[in-house]
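Written below as structure tokens is the structure these notes are about.
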Amino acid sequence: MNTVLSDTNGLQVFDYSVKLLIIGDLSVGKSALLNAYEAGRVCASGSFPPSQRECQQKTIELCGKRLLLKIWDTRGQEKYRSLTASYYRGAHGCLILFDVTNLTTFENVQTWYDDLMEYSSASNVQIILVGVINTDREREVPRERGEKYGIGHNLPYMEVDIKNDKDSVNTVMNKLLYMIIKSAERHSTMAILPVNVKGKQLAKTCCSCC
């Protein structure tokens, strides 16, 4: 059984409270990725019920650290493009998504990257560029092009198959969280907060990179 520390008031104590962003063009797979990660499963149809919340909360244990994740996704509400300062403020990590079968979504990655750099209040926000695979359509962005962009901006590049491969989603999320933990250990930028999750148990995640 996973153990969770509690303070004298009965609040569960986490090592880090982490704000994550998932950004990218409309319909690149942001909500599908988040739902697959939240549920720990992949829907065979690749279709997920829409959520009414833009911020999802998840508690996990990774590399011996207890994490409270607050994951923000525009959920198709492009109004956030005009509210960038409040959306990006305080983010510790970000996934920038594009659809490998849609060249335009890749070409727009730079705009999303620039917004993040301009409006994020954390100078050391951790970022992964993610190409979303769609096996139903022909690929327009070669893997090598994504890797080249990543090298040019000092970003890891990874690909996920949300529809068919749950492990690819978990691998990307765990990589981002590992980067955040290591950054926090160097810079001490993340809050250590007592959080009451009312009986929720930590999902313990194996981290092969530790």
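The values are calculated or read from the model by the stated rules, or taken from the named source; none is laboratory data. A quick note: this is a predicted structure, and the numbers were derived from the prediction, not measured. As a convention, Cβ positions derive from the backbone with ideal geometry for all residues, glycine included, and neighbour counts pool all protein chains shown.
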Q. What helices (runs of 4 or more DSSP H) completely inside region 98-153 contain at least 2 residues that are among the polar types (S, T, N, Q) and either surrounded by 15 or more Cβ atoms within 10 Å (Cβ to Cβ) or modelled with pLDDT of 95 or more (or both)?
A. 103-107
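Among Tyr113, Tyr157, which is over 20 Å from Glu38 (Cα atoms) and out of contact with any helix residue (DSSP H, G or I) (no Cβ under 7 Å at 6 or more places or on another chain)?
On the way: Tyr157 fails: out of contact with any helix residue (DSSP H, G or I) (no Cβ under 7 Å at 6 or more places or on another chain).
Sole residue among the options that is over 20 Å from Glu38 (Cα atoms) and out of contact with any helix residue (DSSP H, G or I) (no Cβ under 7 Å at 6 or more places or on another chain): Tyr113.
Take region 113-141 and flag every residue that is closer than 21 Å to Ile162 by Cα and hydrophobic (A, V, I, L, M, F, W, C).
Ile127, Ile128, Leu129, Val130, Val132, Ile133, Val141
Test of understanding: among Gln12, Gln52, Gln57, which residue is modelled with pLDDT under 85, out of contact with any helix residue (DSSP H, G or I) (no Cβ under 7 Å at 6 or more places or on another chain) and buried (at least 17 other Cβ atoms within 10 Å of the Cβ)?
Details: Gln52 fails: buried (at least 17 other Cβ atoms within 10 Å of the Cβ); Gln57 fails: buried (at least 17 other Cβ atoms within 10 Å of the Cβ).
It is Gln12.
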